[in-house]
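Heads up: the structure comes next, in structure tokens.
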Amino acid sequence: MFGKNSKISRRFMLSAAAAVISLGAALPVSTLSAAEVEQIHFIIPGGAGGGWDGTARGIGEALTKSGLLGTASYENLSGGGGGKAIAHLIETAERQGDTLMVNSTPIVIRSLTKVFPQSFRDLTSVAGVIGDYAAFAVAADSKYTSFTEVIADFKADPNSVKIGGGSTRGSMDHLVAAQAFKAAGGDPNAVKYIAYDAGGKAMAGLLSGETQILSTGLSEALELERSGQIRILGMTGQNRISDAPDVPTLTEQGIDAVFVNWRGFFAAPGTSPEKVKIYTDMLEKMYETADWETVRSRNGWVEFYRPGEEFTTFLEEQEGIIGDLMKELGFL
């Protein structure tokens, strides 16, 4: 999950023209074409403005504009750290034949911490699709100009630095912040983390002065920075990325904290392997389109394609790695 190599790997991630037929048609996989997916309803486990929201809508945009998907609809179903949406998808599985739920590393973290009783094993893994570095940002008028200045204040008085994130305590935003301060020689258990339900609310907390630092995904931070509301002090890639060449890494500021968060999709339990194959074929073809490159570069995403069983295997391995890290940091 964290390490010296910024390449997305199984170990260090926390740190995807046949005849026109419907998705439900019982035909061999070989006769199906991803271009014939008529509709997908995307369930988003958090509110507007967060990473899940941006991922679902961005990928929906790429799929529809490229012609791989007919229509896309979206439903923000926040609550319970994402547990409300997971429970809904499970409880209404028979009615969710054309539904995909976006999720990311937090589904592993929150299952471990019992924020909700379900895990990825209760859903049908479809594919990991993108990776997103973490970022630390401040309001545009903040006194801070580098993350090392934040570290200095934190070491002098941990209570003087409040960090907001669009997820619960012990979640990914919290873990990334704790790891960054630990890597800088601070006490990770002294981090004052303020939890918000979705990135939009965390952003409001930053702008109101309720918090001094925002821990979020780089893609979210880039969008906010372009609006002139925030400045990004650092991101968790090993090296700067071409889509955001002016954003410094924590590594170049002397803080060895590297992290990449995956984001991907799950279907309702009981979804057939044939249908999963339709979805994974569609997503794989998406990477080849100009519409995807437009969305990807705009958000600074890294491609992370792990289809079907490969995605499940990755999740199982990540669960073990994250569990060990959380115990080390005192979150379990």
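The values are calculated or read from the model by the stated rules, or taken from the named source; none is laboratory data. What you see is a predicted model; the values in this text were computed from it and never measured. When we count neighbours, we look across all protein chains shown, and the Cβ atoms used for this are built from the backbone with ideal geometry, even at glycine. All accessible areas refer to the heavy atoms of the entire protein, side chains included, with ligands and DNA or RNA removed. Shrake-Rupley method; radii C 1.70, N 1.55, O 1.52, S 1.80 Å.
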| When you look at GLY47, is it of a type in the set (Gly, Ala, Ser) and surrounded by fewer than 22 Cβ atoms within 10 Å (Cβ to Cβ), yes or no? | yes
| said: Given (1) outside any loop (DSSP other than H, G, I, E, B); (2) modelled with pLDDT under 95, identify the lone condition not met by LYS4. | reply: (1)
| said: Against the definition (in contact with a Leu (Cβ under 8 Å, 6 or more places away or on another chain) and surrounded by fewer than 20 Cβ atoms within 10 Å (Cβ to Cβ)), how does ASP243 come out, yes or no? | reply: yes
| Considering the range 77-91 alone, what residues qualify as being touching a strand residue (DSSP E or B) at 6+ places or on another chain (Cβ under 9 Å) and either open to solvent by less than 10 Å² (accessible area, probe 1.4 Å) or not in a helix (DSSP H, G or I) (or both)? | LEU77, SER78, GLY82, ALA85, ILE86, LEU89
| query | Tell me, which residue of the range 299-329 that is surrounded by 17 or more Cβ atoms within 10 Å (Cβ to Cβ) and not in a helix (DSSP H, G or I) is modelled with the lowest pLDDT? | reply | GLY300
| message | Of everything in the range 168-192, what is under 16 Å from ALA137 (Cα atoms) and of a type in the set (Gly, Ala, Ser)? Give them in sequence order. | response | ALA177, ALA178, ALA180
| task | For the range 129-234, please list each of the strands (runs of 3 or more DSSP E) lying entirely inside it that holds at least 2 residues being aliphatic (A, V, I, L, M). | result | 192-195, 213-217
| said: I'd like to verify a number: residues in the range 92-124 that are open to solvent by less than 30 Å² (accessible area, probe 1.4 Å), over 18 Å from the mean Cα position of the chain (by Cα) and of a type in the set (Gly, Ala, Ser), how many? | reply: 1
| said: Here is a check on your reading of the model: is SER219 in contact with an Asp or Glu (Cβ under 7 Å, 6 or more places away or on another chain), among the hydroxyl-bearing types (Ser, Thr, Tyr), over 17 Å from ASP153 (Cα atoms) and surrounded by 21 or more Cβ atoms within 10 Å (Cβ to Cβ)? | reply: yes
| Can you tell me which residue in the range 164-210 is modelled with the highest pLDDT, limited to those that are of a type in the set (S, T, N, Q) and buried (at least 23 other Cβ atoms within 10 Å of the Cβ)? | GLN179
| remark: Within the range 64-76, of all residues that are touching a Lys or Arg at 6+ places or on another chain (Cβ under 9 Å) and outside any loop (DSSP other than H, G, I, E, B), the one most open to solvent (accessible area, probe 1.4 Å) is TYR74
| said: Cβ-Cβ distance below 6 Å, separation of 6 or more or different chains: which pairs start in the range 57-72 with a residue that is within 13 Å of GLU284 (Cβ to Cβ) and end on one that is among the acidic types (Asp, Glu) and surrounded by fewer than 19 Cβ atoms within 10 Å (Cβ to Cβ)? | reply: ALA62/ASP291; SER66/ASP291
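If we keep just the residues of the range 264-280 that are open to solvent by 40 Å² or more (accessible area, probe 1.4 Å) and assigned to a helix (DSSP H, G or I), which is farthest from VAL37 (Cα to Cα)?
PRO273
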| request: Take the residues in the range 133-169 that are small (Gly, Ala, Ser) and touching a Leu at 6+ places or on another chain (Cβ under 8 Å), then tell me which one is farthest from ASP256 (Cα to Cα). | output: ALA139
| field | Flag if THR124 is closer than 27 Å to ILE230 by Cβ and at pLDDT 95 or above | value | no
